[in-house]
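Have a look at the structure below, then the notes.
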Amino acid sequence: MRNRFWSTTAFVGLSLLLAGCNQTEQAITPLAADVEDAQVAAGAAQLSGASLRFTPIVGAPIEAITPLSRQLAAEAQKRGFTIHASTEKAGTHVLKGYLSAFNDGSQSTVVYVWDVLDPVGARLHRIQGKEMVPGAASNAWSIVTPAAMENIATRVFDEYQAWLAQIQTQ
């Protein structure tokens, strides 16, 4: 029953999110995740009471955004977080992502910044980092693999969850 809820939620969310996307601003594409991990993570998410809304992701082409979005949705589900459509005003936190890719010698680097906002848009926390990918090209995004984008999504959720745990202990 839980999987049906997530599948329905994912489909509705995906439909609403993709309605307003373009090449440089893309949104989250929900996916399914492992049920056992989701149950454990659901307890942690319920403890925090956090639910999320993503704004369109800025700075990357659709080819890079798609695996990132899918992994973000999978991480949210696995960890028990509810994702609200970007058009809704619901959610404890809003995650706003910015990405950039550039050649760095014989490799390409993706730099990411995610602002964690309150529902009215005030920044509460910033998650940032980079992912290095072997190879260089005139268009750095053409070198960035889906696996690299998935790694970014997992790290974003790791850092988001660590931040939630930190503020709960304060």
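The values are calculated or read from the model by the stated rules, or taken from the named source; none is laboratory data. Bear in mind that the values here come from a model prediction, so they are computed numbers and not experimental data. Cβ coordinates were reconstructed from backbone atoms using ideal geometry, including for glycine residues, and neighbour counts include every protein chain displayed. In case anyone asks, the SASA skips ligands and DNA or RNA and just uses the protein heavy atoms, side chains included. Shrake-Rupley method; radii C 1.70, N 1.55, O 1.52, S 1.80 Å.
Of the residues that sit in the stretch 99-109 and are of a type in the set (A, V, I, L, M, F, W, C) and farther than 20 Å from Ala76 by Cα, which one is surrounded by the fewest Cβ atoms within 10 Å (Cβ to Cβ)?
Here the answer is Phe102.
I'm trying to understand the selection: among the residues of the stretch 142-155, which are open to solvent by less than 30 Å² (accessible area, probe 1.4 Å) and either closer than 15 Å to Ser100 by Cβ or not hydrophobic (A, V, I, L, M, F, W, C) (or both)?
Those that are open to solvent by less than 30 Å² (accessible area, probe 1.4 Å) and either closer than 15 Å to Ser100 by Cβ or not hydrophobic (A, V, I, L, M, F, W, C) (or both): Val144, Ala148, Met149, Ile152.
In the stretch 110-141, which residues are among the hydroxyl-bearing types (Ser, Thr, Tyr) and either open to solvent by 80 Å² or more (accessible area, probe 1.4 Å) or within 22 Å of Lys89 (Cβ to Cβ) (or both)?
Selection gives Ser138 alone.
Is it the case, given these coordinates, that Thr87 is under 28 Å from Gln166 (Cα atoms) and modelled with pLDDT under 95?
no
Only one residue in Ser86, Ser108, Ser142 is touching a residue at least 60 places away in the same chain (Cβ under 8 Å) and closer than 19 Å to Ile65 by Cα, so which one is that?
Selected residue: Ser86, the only one of Ser86, Ser108, Ser142 that is touching a residue at least 60 places away in the same chain (Cβ under 8 Å) and closer than 19 Å to Ile65 by Cα.
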